[in-house]
Amino acid sequence: MRLNPAVARGAFRNVWVVAEVLSGHIQPVTHELVGAARALADVRGSEVWAIVLGSGVAGQTGGLIACGCDAVIVVDDPAFAAFNDEAAARTLVQLIDKYRPESVLCGATTCGRALIPRVAVLADCGLTADCTGLAIDPDNGDLLQTRPAFGGNIMATIRCSNHRPQLATVRPRVMKALDADPRRTGRVIREPLTPDPSDALKRVIEVFHSTETAVNLGDASFIISGGRGLKGPEGFNLLRQLASRVGGAVGASRAAVDAGWIPYAHQVGQTGQTVQSKVYMACAISGQIQHLVGMQSCDLIIALDKNPDTPMMQIADIAIVGDLFEILPELIRQIPAT
Amino acid sequence: MRIVVCIKQVPATNDASIDPETKRIVREGVKAILNPFDTYAVEEGVLLRERFGGEVVVLSMGPPKAEAVLREAVSQGADRAILLSHRAFGGSDTWATSYALACAIRKLGGADLVICGKQAVDGDTAQVGPGIAAHLGWPQATHVMQVRSATPETLVAVRMHEDGYDVCELTLPAVITVVKDINSPRVPTLRGRLASQKMEIPVWTPEMIGADTAKIGLDGSPTRVVKTEPPPPRNKASRRITGSPDVCAAELLHELRTRSLV
Ligand SMILES: Cc1cc2nc3c(=O)[nH]c(=O)nc-3n(C[C@H](O)[C@H](O)[C@H](O)COP(=O)(O)OP(=O)(O)OC[C@H]3O[C@@H](n4cnc5c(N)ncnc54)[C@H](O)[C@@H]3O)c2cc1C
Ligand SMILES: Nc1ncnc2c1ncn2[C@@H]1O[C@H](COP(=O)(O)O)[C@@H](O)[C@H]1O
């Protein structure tokens with residue numbers, strides 16, 4: 001809502017976190033955001049609320065309170081068994097109108113990035129996508145939202161002073177969850193879903209979740225990516241073995257995806273996914289700018305290439321010069337299977 | 001079927017720079033390209049028109065030189081192009097951009113389907129597609145990796161998710177945003193290129209699309225860029241490991257263990 005003499009800034013209070021629910025389970029990014037929200041709310045002397053839209057999720061509120069929420073709003077309805085952007089956006093807007101939060105955070109996941117822009121338009125407020133840093137102005141509650149643009153070549157700080165609430169999607173794995181404290185107490189508020197005739201305009205007719213094909217690059221802390229030097233689909237088996245030893249996910253360059261060696265969901269880069277893991281290990285990826293923009297914000301970059309002079313080898317924190325077909329099997333051998 | 005494809009001209013990534021005064025992306029004198037995801041959006045529109053007839057209208061909001069990407073889309077098979085261009089649009093954030101595009105779609109007499117790219121590679125926000133859907137009150141499907149089937153009234157879209165995919169049926173009109181996996185864009189023919197160079201591209205102003213000027217441009221944008229800076233410098237203490245495979249592996253493992261990463 002646009003602030004004006006009739007709609008005062010002070011009428012909006014508290015920091016909300018929209019829970020990420022996948023296959024009926026609240027995802028870790030939610031706890032990370034609660035941790036971030038806690039810090040912001042403490043500056044403002046306000047509360048942290050989580051909003052859980054899901055089906056059969058009512059039992060999962062305890063964990064949210066333990067890790068920092070003062071209140072949890074639950075809308076438990078079969079309509080939310082699958083990801084239903086329209087009903088979820090409408091419901092969030094109703095809740096925003098009723099309770100008037102100052103800020104609303106949501107994971108920058110495929111669902112969050114589809115849902116929150118819809119909310120921003122319907123609730124007439126500003127939205128900053130993909131934040132990696134959040135601070136708050138203690139006096140007026142303005143969020144200072146920092147996000148990478150141009151694939152990480154520029155960091156921009158964004159403020160929405162004239163609208164409330166302020167919406168932000170936040171990258172997974174950037175914020176820190178607090179340790180769960182089971183003694184913490186909080187309120188659980190149940191709200192019903194208000195059905196709407198427009199709900200018939202979209203139906204989710206099939207859902208395919210798979211742990212095997214799960215890519216989840218956005219959420220992974222260790223990514224092992226392969227490029228053209230893997231020579232074929234078999235090369236990716238090496239990466240998968242290594243990934244399973246270190247609890248990581250497998251990524252790929254466009255060259256490997258275009259060759260049909262691995263599905264597109266694994267592609268990192270300008271026309272794939274942007275990732276920000278703790279470790280990014282690029283195996284036989286030369287590091288063209290379109291690839292770099294998707295991964296250069298990762299904490300630790302390891303490059304493995306037989307050519308010591310590639311752009312990837314130049315930007316890497318650790319550059320290993322050698323043949324991946326010799327080094328990867330050795331690495332797998334040296335890491336004990338868990 | 002009338003299909004509107006929204007496309008954006010973006011600076012070629014590595015040339016990104018920011019005006020220190022206005023905090024806005026410098027678009028003058030920078031090599032500009034069609035947003036890579038939007039090529040797939042145009043191709044999907046053309047594929048659907050080939051099946052159902054009708055027209056593909058490409059729509060872009062931007063400075064006059066953005067007509068270059070509209071011509072490119074026409075050479076790729078779009079039937080006509082419209083450019084939203086006026087000073088008053090300048091400085092629009094995703095809220096205001098999606099509002100202006102939605103106004104233009106209404107002015108066109110609506111559409112059966114609006115197709116956007118997943119995101120523009122300059123701002124990387126992925127907000128304009130769902131924003132248009134919200135302004136028009138239409139259903140949406142984002143990250144669409146396949147159009148499984150379609151009729152003039154419905155479309156069945158496969159959406160990509162972190163942990164798999166889902167399939168949803170949308171009643172048209174609707175908005176979809178597409179990822180690269182959805183198709184392989186055709187290479188424009190020479191004839192297409194020539195025709196696109198001659199095509200008249202109407203330029204629409206806020207007044208022509210009935211846009212409320214309080215909702216466009218810098219003033220209509222809830223968000224303000226207040227600071228831009230280079231990303232924190234990477235730790236330059238990079239390490240190079242060479243030697244036999246077992247030594248390389250052992251040294252890497254050592255590095256990872258000291259950082260408690262394995
Ligand atoms: C509009 C556009 C969008 C794009 N989007 C993306 C994107 O999203 N993601 C992306 O990745 N790319 C993207 N690209 C493509 C990008 O420009 C590069 O072509 C691509 O990243 C190259 O992939 P690669 O590094 O795997 O292959 P190459 O550049 O061929 O590099 C292969 C590397 O493997 C090394 N090698 C070979 N064999 C071995 C071995 N046995 N052991 C060790 N090393 C070995 C070689 O020395 C070389 O460095 C895009 C391009 C365009 C034009
Ligand atoms: N100025 C614009 N004109 C036309 N389409 C746009 C514009 N900005 C964004 N889009 C469309 O919205 C998609 C997502 O852009 P963004 O939300 O900026 O990441 C793009 O791939 C385009 O399809």
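The values are calculated or read from the model by the stated rules, or taken from the named source; none is laboratory data. Owing to the predicted nature of the structure, the values given are computational and were not obtained by experimental measurement. Note that each Cβ is placed from the backbone with ideal geometry, even for glycine, and that neighbours are counted across all protein chains shown. Accessible surface is based on the protein model in full, side chains and every heavy atom, while ligands, DNA and RNA are left aside. Shrake-Rupley method; radii C 1.70, N 1.55, O 1.52, S 1.80 Å.
Give me the net charge for the shell around B:D246: Cβ to Cβ below 11 angstrom, other residues only, Lys and Arg +1, Asp and Glu -1. If you can, show how the numbers build up before the last one.
Working: positive: A:R333; negative: A:E326, A:E330, B:E251.
With Lys, Arg at +1 and Asp, Glu at -1, the net is -2.
Under a point-charge model restricted to the Cβ atoms of Lys and Arg (+1) and Asp and Glu (-1), what is the dipole moment magnitude of the protein assembly as shown relative to its Cα centre, in debye to the nearest 20?
Using Cβ point charges on Lys, Arg, Asp and Glu, the protein assembly as shown gives about 700 debye.
In Å and whole numbers, how far do the C-alpha atoms of the protein assembly as shown stretch along each principal axis, longest first?
Extents along the principal axes: 69, 69, 50 Å.
Could you run the Karplus curve 6.51 cos²θ - 1.76 cosθ + 1.60 with θ = phi - 60° over segment B:168-180 and give me ³J(HN,Hα) per residue in whole Hz, x for Gly and Pro?
10, 9, 10, 7, 7, x, 8, 10, 10, 10, 10, 9, 4
Taking 2.2 N^0.38 Å as the expected size of a compact globular protein, what ratio does the Cα radius of gyration of segment B:85-167 give against it, to two decimals?
Relative to the 2.2 N^0.38 Å estimate, segment B:85-167 comes out at 1.20.
What's the percent breakdown of Cα-Cα distances in segment A:91-194 across 5 Å bins, shortest bin first?
Spelled out bin by bin, segment A:91-194 gives 2, 11, 19, 21, 20, 16, 8, 3, 1 percent.
Please work out, to two decimal places, the log10 of the ratio I(q)/I(0) at q = 0.19 Å⁻¹ from a Debye calculation in which every Cα of segment A:43-144 carries one identical scatterer.
-1.12
How do A:R38, B:R257, B:R159 rank by accessible surface area computed with a 1.4 Å probe, from largest to smallest?
Sorted by accessible area, descending: B:R257, A:R38, B:R159.
Counting only protein heavy atoms, what percent of the accessible surface of segment B:157-262 is carbon or sulfur at a 1.4 Å probe?
Heavy-atom surface of segment B:157-262 belonging to carbon and sulfur, 1.4 Å probe: 55 percent.
Most fluctuating residue of B:R191, B:R240, B:R224 in a GNM of chain B with Cα springs under 10 Å: which is it?
Residue with maximal mean-square fluctuation among B:R191, B:R240, B:R224: B:R240.
Select from segment B:124-150 all residues whose loss of accessible area on going from the chain by itself to the full protein assembly reaches 40 Å² or more (probe 1.4 Å).
B:D124, B:Q127, B:A134, B:P139, B:Q140, B:H143
Just to compare against my own numbers: the Cα pair-distance distribution for chain B, 5 Å bins, whole % per bin, please.
The percentages, shortest bin first, are 1, 6, 12, 16, 17, 14, 10, 8, 5, 4, 4, 3, 1, 0.
What residues from segment A:1-18 fall in the zone where the backbone N is under 19 Å from a label point 7 Å along the Cα-to-C-beta line of B:A214?
Only A:1-9 pass the distance filter.
Per residue, how much accessible surface does segment A:166-259 expose to a 1.4 Å probe? Answer in Å², no decimals.
Value returned for segment A:166-259: 53 Å² of accessible area per residue.
Hey, got the dipole for segment B:209-262? About the Cα centre, +1 on K and R Cβ, -1 on D and E Cβ, debye to the nearest 20?
200 debye
Could you tell me which of A:L92, A:G45, A:L22 has its Cα farthest along the dipole of segment A:1-94 towards the positive end, charges placed at Cβ (Lys, Arg +1; Asp, Glu -1), taken about the Cα centre?
A:G45
If N is the number of residues in chain A, what value comes out of its Cα radius of gyration divided by 2.2 N^0.38 Å? Don't skip to the answer; put the middle values down first.
Working: Rg = 21.6 Å, N = 338, 2.2 N^0.38 = 20.1 Å.
Here the Cα radius of gyration is 1.07 times the empirical estimate.
Summing both sides, how much accessible area is buried between B and A? Use a 1.4 Å probe and give Å² to the nearest 100. Spell out each step's value before the answer.
Numbers: alone 14580 and 15750 Å², together 23070 Å².
The B and A chains share an interface burying roughly 7300 Å².
Taking the Cα centre as origin and putting +1 on Lys and Arg beta-carbons and -1 on Asp and Glu beta-carbons, what dipole magnitude results for chain B, to the nearest 20 debye?
Using Cβ point charges on Lys, Arg, Asp and Glu, chain B gives about 540 debye.
Once label points are set 7 Å from the Cα along Cα→Cβ at both A:Q241 and A:A82, what is their separation, rounded to one decimal in nm?
3.9 nm
Leaving out ligands and nucleic acids, note down the accessible area per residue over chain B with a 1.4 angstrom probe, in whole Å².
41 Å²
Take every Cα pair under 8 Å in chain A that's 6+ residues apart, average their separations, divide by the length, and report that relative contact order as a whole percent.
With pairs under 8 Å counted, the relative contact order is 15 percent.
Work through the residues other than A:V204 whose Cβ is under 15 Å from its Cβ and net out their charges, Lys, Arg +1 and Asp, Glu -1.
That works out to -4.
How long are the three semi-axes of the equivalent ellipsoid of segment B:128-262, in whole Å, if each is the root of 5 times an eigenvalue of the C-alpha gyration tensor, listed from largest down?
Taking √(5λ) for each Cα gyration eigenvalue gives 45, 26, 22 Å.
Ignoring everything except DSSP H segments at least 4 long, calculate the 222 nm mean residue ellipticity for chain A; use -39,500 (n - 2.57) per segment, divide by total residues, nearest 500.
-8000 deg cm²/dmol
In the calculated pair distance distribution of segment A:143-286, what percentage of Cα-Cα distances lie above 22 Å?
Of all Cα-Cα distances in segment A:143-286, 59 percent exceed 22 Å.
Limiting things to C-alpha atoms, what are the Rg and the maximum Cα-Cα separation (Dmax) for segment A:9-201, in angstroms?
Looking at segment A:9-201, its Cα Rg and Dmax stand at 15.4, 45 Å.
When chain B is modelled as a GNM with alpha-carbon springs shorter than 10 Å, which of B:K65, B:K107, B:K227 fluctuates the most?
B:K227
What range in chain B is the longest one free of GluC sites (Glu not before Pro) that are in a loop by DSSP and have at most 13 other Cβ atoms within 10 angstrom?
With a cap of 13 other Cβ atoms within 10 Å, the longest stretch comes to B:29-152.
Near A:A265, within a Cβ-to-Cβ distance under 12 Å, what is the net charge of the other residues, with Lys and Arg +1 and Asp and Glu -1?
Net local charge, A:A265 excluded: -1.
For B:A195 and A:A135, FRET efficiency with R0 = 45 Å and r from the beta-carbon atoms, rounded to 0.05?
Step by step, r from the Cβ atoms, then E = 0.30.
Would you kindly calculate the translational diffusion coefficient of segment B:146-185, applying Stokes-Einstein with the Kirkwood radius from alpha carbon pairs, for 4 °C and a viscosity of 1.567 mPa s, and quote it in µm² s⁻¹ without decimals?
This corresponds to a translational diffusion coefficient of 119 µm²/s.
Given Cα pairs under 8 Å that are at least 6 residues apart, what percent is the relative contact order of segment B:111-262?
18 percent
What 222 nm value per residue comes from the helices of chain B, counting each DSSP H run with n ≥ 4 as -39,500 (n - 2.57) and dividing by all residues, nearest 500 deg cm²/dmol?
Computed mean residue ellipticity for chain B: -8500 deg cm²/dmol.
For segment A:214-274, what is one quarter of the convex hull surface built on the Cα atoms, given in nm²?
3.6 nm²
Using alpha carbon centroids, what distance separates segment A:155-179 and segment B:183-245, in Å?
Cα centroid to Cα centroid, the span is 22 Å.
Compute the relative contact order of chain B as a whole-number percentage, counting only Cα pairs closer than 8 Å that sit 6 or more residues apart in sequence.
Taking the mean separation of contacting Cα pairs over the length of chain B, I get 23 percent.
Normalized C-alpha radius of gyration of segment A:217-334, against 2.2 N^0.38 Å? Provide the component values of the computation, followed by the final result.
Values: Rg = 12.3 Å, N = 118, 2.2 N^0.38 = 13.5 Å.
Computed over Cα atoms of segment A:217-334, the ratio equals 0.91.
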